1. Yes or no: B:Glu234 touching a helix residue (DSSP H, G or I) at 6+ places or on another chain (Cβ under 7 Å), touching a residue at least 60 places away in the same chain (Cβ under 8 Å) and surrounded by fewer than 24 Cβ atoms within 10 Å (Cβ to Cβ)?
2. Go through the residues of segment A:130-143 one by one and say whether even a single one is more than 14 Å from chain B (Cβ to nearest Cβ), charged (D, E, K, R), outside any helix (DSSP H, G or I) and more than 24 Å from A:Ala72 (Cα to Cα).
3. Select from segment A:77-99 the residues that are loosely packed, with under 12 Cβ neighbours inside 10 Å and in contact (Cβ under 8 Å) with a residue 24 or more places away in the chain and list them in ascending order.
4. Quick check on my filter: what residues within segment A:257-277 are out of contact with any Ser or Thr (no Cβ under 8 Å at 6 or more places or on another chain), at pLDDT 95 or above and either polar (S, T, N, Q) or farther than 18 Å from A:Pro181 by Cα (or both)?
5. So the check is Cβ under 7 Å with 6+ separation or different chains; which pairs have a first residue in segment A:196-215 that's within 7 Å of another protein chain (Cβ to nearest Cβ) and without any contact (Cβ under 8 Å) to a residue 40 or more places away in the chain and a second one that's surrounded by fewer than 24 Cβ atoms within 10 Å (Cβ to Cβ) and not in a loop (DSSP other than H, G, I, E, B)?
6. Can you give me the number of residues within segment B:33-44 that are under 14 Å from B:Ala107 (Cβ atoms) and touching a Leu at 6+ places or on another chain (Cβ under 9 Å)?
7. Of all residues in segment B:168-185 being at the interface with chain A (Cβ under 9 Å from one of its Cβ atoms) and closer than 23 Å to B:Val245 by Cβ, which is surrounded by the fewest Cβ atoms within 10 Å (Cβ to Cβ)?
8. List the helices (runs of 4 or more DSSP H) that sit entirely inside segment B:210-313 and contain at least 2 residues that are farther than 25 Å from B:Asp100 by Cβ.
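The values are calculated or read from the model by the stated rules, or taken from the named source; none is laboratory data. This one's a predicted model, so the numbers in the text were calculated from it and none came from an experiment. Note that we place each Cβ from the backbone using ideal geometry, even for glycine, and neighbour counts take in every protein chain shown.
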2 protein chains.
Amino acid sequence: MVLDALEHPIVLAPMAGGPSTPSLAGAVSDAGGLGFLALGYLTAEAADEQIAELRGLTDRAFGVNLFVPGQASDPDSFAPYVERLRRAGLQLGEPRFDDDGWDSKLALILDRRPAVASFTFGCPSSEVVSTLRSAGVEVWVTVTSADEARLAAERGADVLIAQGAEAGGHRASFDNRIDMPVYGLLALLQLVTAAVGLPVVATGGIATAVAVAGVLSAGAVAAQIGTAFMLAPEAGTVPALREAVASGRPTELTRAFTGRLARGIQNRFMDEYGADAPAAYPEIHNVTAPLRGAARKAGDGESFNLWAGEAHALAEALPAGELTVALAEDARR
Amino acid sequence: MVLDALEHPIVLAPMAGGPSTPSLAGAVSDAGGLGFLALGYLTAEAADEQIAELRGLTDRAFGVNLFVPGQASDPDSFAPYVERLRRAGLQLGEPRFDDDGWDSKLALILDRRPAVASFTFGCPSSEVVSTLRSAGVEVWVTVTSADEARLAAERGADVLIAQGAEAGGHRASFDNRIDMPVYGLLALLQLVTAAVGLPVVATGGIATAVAVAGVLSAGAVAAQIGTAFMLAPEAGTVPALREAVASGRPTELTRAFTGRLARGIQNRFMDEYGADAPAAYPEIHNVTAPLRGAARKAGDGESFNLWAGEAHALAEALPAGELTVALAEDARR
């Protein structure tokens, strides 16, 4: 088990779409935690380059994260929302379904063999799980309920990542239905450890050493941390997002940006469009990609997704390696 | 401090409207935890009888909980909802504002002097806080954000109860606005302990010893537990609610029953009316009281409020004293 060999029970959360970088992952692995690359939204070629860059930075183990593809949505379910955005004069893309390059990225992982592959938005099939394991790649599945934990255990996952409602960015739930239950981390940890015997990594709103100590005492084997690393110099967090993370502004779950439930710091776009947003991913993600990209470039924090967890105000602008060691050592005390 | 003298860091949550009984509170206090009476919804006379009954059962310390009155709501804000319920032919009460007998219950507390008075739905004024403290009654204030924690500390509270989103029953937030932020327990604990130096009791979804250990490691001085005691023989939980608590059915936050956000196990009434329910408390509480009372009596679990926390499926039907000791001792291990 990769976790058994770690110096510190600190796992970097993959943060697709910007904050994740090879240098951030390398710094966490080098400090004795487990770095992670987010391969979501990247082409297989770009993913391969990031893996190569990370291998140039550290000899230690790291993980990579993939999005499990879902089903295309009925156009009727999202057409009114797209029409509303269009009438507002926003710069839009096409409501295209895609599988985020699933086959080519799986092939890349089998070829490059990182220590861990983790999955979000679903559970890979038993065949995929066993192929990865045979290749020496540990399979971690992100779950948001006891039912998902049972399914991942049945399919042969090595480790579960229990993602609480507090987490920033997308909910990892296997389905994108409107009525998916949303559990807080501590409730979820109890339900998941009662349901299955696998090692569980806790994630969602863990920003400080006391929270690391808390989840370890509550039965987790490690803490997966994202937002608390977003202000690190190694992170790819854009300035407007850094500013929002350092503020005390509350977060909210929204489908406004991508058609999938995700937690972000409240801003004007969420306020204006959140109530009407359909469950249609990645169609809405692809529709809003141009306007989000432009807003990000312009530093307009009211118009793109400010993904962050509930405890973002406690994030510190420290080098990632230093933070990894501090979180683990203070948690031990 | 009352907490310092407890044998076990286990505090019973006040569960107004049924599950709270003097025998439940007495059993928890007698076992070395801190029992609590819910005085909400009771007349001062009934509250006095419960305090007397509890004093007949235990010599140990206990707490009582009060609802802090809010503001009357604009009738326009709730009239359409009431009309909808009326058209459905339901048995309704009047949309009456009341202060839940605030003055008379405060006077009762000053007279009977329980060890602790805790508050929900708001922070008592500095004058009320200091009057209670002068009478030897510790003041605990339930908070749901760092801002509320700061206000309670400013007004002189002795202890804060940090209520996470996972908690069953009403959210304790000081305001009943639609856009109040909702923090998971572990995120809230970090934010509250970073904001103020007071002792913090953690509550919300704590159903097992590992979660008790978790919140203690995360900086809480005790765990306040409600749902996990709902199946105890001493609890006043009605049969249809016992059945729902023992099931795996998911919970949801709703305003459908009372006009204030509360977590309950999903049922037909919530599904049917939740989306339209206004923020108007206690007006809607008073409107639905007759239909809820009738459904409770008839054992119709689809039509009354099945308040329960997110980890309710882990509740065990054990005597409350036994559960208190088991939670504390297993948490220590």
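1. Working: touching a helix residue (DSSP H, G or I) at 6+ places or on another chain (Cβ under 7 Å): yes; touching a residue at least 60 places away in the same chain (Cβ under 8 Å): yes; surrounded by fewer than 24 Cβ atoms within 10 Å (Cβ to Cβ): yes.
Taking the combined requirement at face value, the residue satisfies it.
2. Taking segment A:130-143 as the starting set, the residues that turn out to be more than 14 Å from chain B (Cβ to nearest Cβ) are A:130-143.
Now drop any that are not charged (D, E, K, R), which leaves A:133, A:138.
Restricting the remaining residues to those that are outside any helix (DSSP H, G or I) gives A:138.
Checking the rest, the ones that are also more than 24 Å from A:Ala72 (Cα to Cα) come to A:138.
The answer is yes, given that some residue of segment A:130-143 is more than 14 Å from chain B (Cβ to nearest Cβ), charged (D, E, K, R), outside any helix (DSSP H, G or I) and more than 24 Å from A:Ala72 (Cα to Cα).
3. Selection gives A:Pro80, A:Glu94.
4. Narrowing segment A:257-277 to residues out of contact with any Ser or Thr (no Cβ under 8 Å at 6 or more places or on another chain): A:260, A:271-273, A:275-276.
Filter once more, keeping what is at pLDDT 95 or above: A:260, A:271-273.
Listed by number, the residues that qualify are A:Asp271, A:Glu272, A:Tyr273.
5. These pairs meet every condition: A:Gly214/B:Ser217.
6. 2
7. For segment B:168-185, the residue satisfying everything is B:Val182.
8. Numbers: elements: B:239-246, B:268-273, B:283-298.
Counting at least 2 such residues, we get B:239-246, B:268-273.
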